[in-house]
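Read through the structure below, which is laid out as structure tokens, and then see the notes.
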Amino acid sequence: MGKLVRMAWRNVWRNWRRTIIAVIAISLGLILLLIFDGMMGGAEQAMYGNVVKLQGGNVQIHAPGYREKANRMPLLPLADSEAVVRAALAQPQVVGASRRINTGGMVSSHEGTFPVGIIGIEPEAEAPVGLLAENIAEGRYLTAQDEDQLLIGQALASQLEVNVGDRVTLVGRATHEQMRRRTMTVAGIYDLGIPDVEKGLVYVSLAEAQSLFDLRDQATEVVVALQSMGQEDSVVAALLAELPGYEVDPWYVTDPTTKQTMEMEKEIMSLFGLVILLIAGVGILNLLLMAVFERTREIGIMAAMGMKRWETLVLFLMEGTYIGLLGAVVGCVVGGLVNLYFGQVGLPWAAAEYSELTALLGDRIYFDVGLSLLLNRGLTVIFIAALAALYPAWQASRREPAEALHYV
């Protein structure tokens with residue numbers, strides 16, 4: 001076997017120009033694929049990461065019974081919300097945890113009445129990990145001491161025809177189902193570039209929500225922000241152990257539609273990547289078929305000298321694998337460096353101007369491709385190269401020595 005390994009390596013470089021062209025073609029395909037992977041991975045982290053931020057965090061903690069009534073947004077206070085926050089912040093993957101009151105209601109002005117979600121937040125705790133503080137278009141962000149002040153979206157402000165400093169009426173249902181009404185001042189207007197979100201959510205300070213909904217010193221949920229998406233399962237498991245009796249759910253349980261969209265996009269990306277790799281495999285197939293025909297007499301001589309059919313098959317199979325290995329190494333190194341660079345500096349992006357969905361991307365995409373995906377792509381290239389070499393290797397092994405020796 002050692003002799004076949006050396007022969008295969010030597011044969012790869014006998015026609016070094018053709019080998020280099022093949023390696024360049026394979027590596028370029030892999031580099032483009034890894035750049036695509038990095039860009040889509042970064043876009044996914046930005047887009048869906050911001051969707052998760054809009055929900056409050058990667059993980060949400062509620063009182064028992066909330067899941068069954070989640071569609072009604074019930075005001076079920078947590079038994080000890082401060083202890084829940086402390087337990088969440090003790091987890092190493094957690095970058096922020098805060099209390100909230102989340103329910104439904106209506107907001108009205110002289111232009112009409114519109115249904116909204118009313119969210120009471122701890123402004124200082126959510127500012128570093130949320131989207132609101134960095135997307136204030138007019139006025140200011142909330143503070144913990146705010147009373148009779150609220151934050152509304154740009155689209156809702158247009159519907160209500162109000163500006164910063166104007167008064168609106170907020171109506172919501174308190175814990176005992178009685179309706180609570182309060183006239184409030186617009187402290188700020190946020191602009192996410194997503195009208196559906198801007199029309200549907202208004203924010204007040206947690207203290208104001210506690211007063212409005214008769215929840216003194218209480219909260220109905222704790223939202224937990226993690227370092228990155230993908231860490232939810234381990235954090236949920238740890239919090240369930242620390243907080244028995246509470247309902248601890250990752251974002252994809254509370255928002256399964258977004259999860260399904262992500263999985264569909266991943267399937268499309270995988271299919272696209274497979275097509276690129278198959279194109280590279282066709283190139284290897286063509287290269288090795290040419291090598292078989294060019295070396296027909298050589299194959300006949302080796303067979304006449306006693307080389308077995310399986311050895312001929314293994315020889316050509318190893319040549320294809322070597323070419324795939326070289327292309328995979330070059331492609332992974334260069335593609336990894338490109339992803340590392342754009343993961344640090346980001347790629348300027350102006351798609352926020354074109355659609356609501358891509359508005360969550362921001363003005364730069366920071367590439368994100370993990371080491372496992374990098375290795376997976378490289379190994380797939382090697383496998384496809386070996387697979388593409390299988391047919392030419394089989395053709396070479398079937399050559400009859402006498403026929404091959406007379407080949408012109």
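Taking other Cβ atoms within 10 Å as a rough exposure proxy, 69, 259 sort from fewest to most as 69, 259.
Taking label positions 7 Å along the Cα-Cβ direction at both residue 391 and residue 282, the computed distance is 1.1 nm, reported to one decimal.
Couplings for region 336-342, taken from phi via the Karplus curve 6.51 cos²θ - 1.76 cosθ + 1.60 with θ = phi - 60°, read x, 5, 4, 5, 4, 5, 6 Hz in order; Gly and Pro are left as x.
Amide H contacts of residue 137 (H built 1.01 Å from N, in plane; Pro and chain starts excluded): 189, 190, 191 sit under 5 Å, all sequence-distant by 5 or more or on other chains. Note on residue 334 and residue 135: with the Förster distance fixed at 41 Å, the Cβ-Cβ geometry gives a FRET efficiency of about 0.65. Other residues lying with their Cβ under 13 Å from the Cβ of residue 371 contribute a combined charge of -1, Lys and Arg counting +1, Asp and Glu -1.
Across region 127-138, coupling constants 3J(HN,Hα) worked out from phi with the 6.51/-1.76/1.60 Karplus curve, θ = phi - 60°, read 4, x, 10, x, 9, 5, 4, 8, 10, 7, 8, 9 Hz, and Gly and Pro carry x.
A Förster radius of 30 Å combined with the Cβ-Cβ distance from residue 341 to residue 275 puts the calculated FRET efficiency at roughly 0.70. The sum of -39500 (n - 2.57) across all DSSP H runs of n ≥ 4, divided by the residue count of the chain, sets its helix-only mean residue ellipticity at 222 nm to -17500 deg cm²/dmol. Among 151, 347, 201, sorting on how many other beta-carbon atoms sit within 10 Å of each Cβ, with the fewest leading, yields 347, 201, 151. As a rough guide to protection, the peptides 321-331, 209-219, 155-165, 12-22 ranked by mean Cβ packing within 10 Å, highest first, stand as 321-331, 209-219, 155-165, 12-22. Using C-alpha pairs under 8 Å with a sequence gap of at least 6, the mean separation divided by the residue count of the chain gives a relative contact order of 26 percent.
With 16 Å as the cut-off, how large is the P(r) tail for region 121-198, expressed as percent of Cα-Cα pairs? Pairs farther apart than 16 Å: 54 percent. Each pair of Cα atoms in the chain enters the Kirkwood radius, and Stokes-Einstein at 10 °C and 1.306 mPa s then converts it into a translational diffusion coefficient of 63 µm²/s. Ordering 99, 86, 180 by the number of other Cβ atoms within 10 Å of each residue's own Cβ, fewest first, gives 86, 180, 99. Over its Cα atoms, what ratio of radius of gyration to 2.2 N^0.38 Å does region 59-228 give? Output field value: 1.00. Available extension along the chain between residue 185 and residue 67 is 39.2 nm, counting 0.36 nm per residue and deducting the alpha carbon span. Rounded to the nearest whole Hz, the Karplus-based 3J(HN,Hα) values (6.51 cos²θ - 1.76 cosθ + 1.60, θ = phi - 60°) of region 16-22 follow the sequence 5, 5, 5, 5, 5, 4, 5, with x at glycine and proline.
Laboratory data are not the source of any read-out in this text; all were calculated from the coordinates shown. Small disclaimer: the values here were computed from a predicted structure and weren't measured. Neighbour counts run over all protein chains shown; Cβ positions are idealised from the backbone, glycine included.
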